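Q: There's a structure below that I have some questions on.
The values are calculated or read from the model by the stated rules, or taken from the named source; none is laboratory data. Computed from a predicted model, the values in this text were never measured in an experiment. Here the Cβ positions follow ideal geometry from the backbone for every residue, glycine too, while neighbour counts run over all protein chains shown.
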């Protein structure tokens with residue numbers, strides 16, 4: 001009988017200290033033996049955002065405890081692990097270094113292979129934990145630090161179709177929440193406020209909506225929200241602004257996703273129309289409903305990871321580790337932290353002032 005692959009994974013790219021152990025289970029869904037996540041919300045709340053040095057210190061303080069808890073919950077002996085995976089980038093380098101070095105130390109101590117995982121690949125492959133999906137598929141990755149459309153052709157095989165030229169979508173949500181006076185982390189609370197407001201109350205811009213292919217821009221929208229927020233008279237108008245902001249985001253995603261679908265279908269090898277939406281912002285139910293509706297209109301099957309696997313977690317890193325391990329993509333213990341690390345290495349860098357698109 002073929003041995004089931006078991007991977008221990010560590011994720012510390014930003015402000016979550018996470019350790020997970022996943023075991024391959026043949027043709028069935030993999031078994032998540034443990035998935036422990038320690039949030040740092042209380043650490044960063046008073047600053048209204050993540051402070052890298054404080055995040056790194058918290059990782060150092062918690063990583064050993066979180067790893068022990070994950071191993072205990074898994075009921076697996078450390079020696080039974082086939083390999084150790086850790087997020088190597090992209091992310092905050094002071095945070096990445098904590099988990100990466102911890103993972104290397106474990107791998108060295110039990111004499112098992114080490115796998116450096118791209119955090120974005122963790123998100124890209126995360127829906128496959130709960131659902132069998134064949135390649136290729138169209139991916140919209142929407143998180144706090146990244147917003148991009150990718151053609152996923154296999155593990156380590158990505159073609160970027162479009163990206164944000166400035167702010168990521170999650171960042172736009174968080175900054176809008178801060179302007180409305182919502183306590184950190186405010187992005188997820190925008191959806192609750194939006195339900196109480198009139199989405200047509202404020203008219204907000206949709207940057208590069210008719211140009212730039214399926215590239216996106218949110219900086220101009222964020223500036224418009226800033227200006228509007230200074231004129232708000234009462235709490236009800238704050239609800240209206242949250243609703244108007246969320247409506248415009250959905251309209252932007254709707255139009256840009258249509259372009260991405262067209263680009264995806266231009267590749268004649270893409271015979272199955274599967275559309276995966278992953279990343280922390282994929283937890284937003286209005287965005288899920290909006291993109292599911294579009295997928296149905298365009299004859300795509302829409303797939304989302306479970307809510308608990310949308311935000312940063314180590315289970316998705318473990319699964320990416322299993323996928324890489326199966327095709328012998330392991331790494332040296334000298335592998336460095338990479339604060340910037342694109343899935344499509346040939347894609348141009350599209351951020352910065354003065355960028356024309």
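Q: Answer yes or no as to whether residue 257 is touching a strand residue (DSSP E or B) at 6+ places or on another chain (Cβ under 9 Å) and closer than 19 Å to residue 213 by Cβ.
A: yes
Q: Can you pull out the residues in the stretch 201-221 that are buried (at least 19 other Cβ atoms within 10 Å of the Cβ) and within 22 Å of the chain's Cα centre (by Cα)?
A: Across the stretch 201-221, the qualifying residues are 214, 215, 216, 217, 218, 221.
Q: While we're here: Please find, within the stretch 6-38, the residue that is surrounded by the most Cβ atoms within 10 Å (Cβ to Cβ) out of those that are assigned to a loop (DSSP other than H, G, I, E, B) and either at positive phi or modelled with pLDDT of 95 or more (or both).
A: If we take residues in the stretch 6-38 being assigned to a loop (DSSP other than H, G, I, E, B) and either at positive phi or modelled with pLDDT of 95 or more (or both), then 12 is surrounded by the most Cβ atoms within 10 Å (Cβ to Cβ).
Q: Let me ask something else. Do you know which residues across the stretch 129-150 are surrounded by fewer than 22 Cβ atoms within 10 Å (Cβ to Cβ) and within 17 Å of the chain's Cα centre (by Cα)?
A: 129, 130, 145
Q: For the stretch 43-84, what are the residues that are touching a strand residue (DSSP E or B) at 6+ places or on another chain (Cβ under 8 Å) and not in a helix (DSSP H, G or I)?
A: 75, 76, 81, 82, 83, 84
Q: Shifting gears a bit: What tally of residues in the stretch 85-125 results from selecting those that are in contact (Cβ under 8 Å) with a residue 40 or more places away in the chain and assigned to a helix (DSSP H, G or I)?
A: The qualifying residues number 21.
Q: Of all residues in the stretch 93-117 being buried (at least 24 other Cβ atoms within 10 Å of the Cβ) and within 18 Å of the chain's Cα centre (by Cα), which is nearest to residue 139 (Cα to Cα)?
A: 117
Q: Something else now. When you scan the stretch 232-344 for helices (runs of 4 or more DSSP H) that lie fully inside it, which ones turn up with 3 or more residues that are surrounded by 15 or more Cβ atoms within 10 Å (Cβ to Cβ), within 19 Å of the chain's Cα centre (by Cα) and outside the structural domain of residue 30 (by TED's automatic domain parsing)? Please lay out each step first, then the result.
A: Numbers: elements: 235-266, 285-297, 315-326.
Qualifying helices (runs of 4 or more DSSP H): 235-266, 285-297.
Q: Go through the stretch 29-43 and report how many residues are under 20 Å from the mean Cα position of the chain (by Cα) and farther than 20 Å from residue 5 by Cα.
A: 5
Q: Let me ask something additional. Only one of 85, 67, 56 is over 20 Å from residue 40 (Cα atoms) and within 23 Å of the chain's Cα centre (by Cα); which?
A: Testing whether each residue is over 20 Å from residue 40 (Cα atoms) and within 23 Å of the chain's Cα centre (by Cα) leaves just 85.
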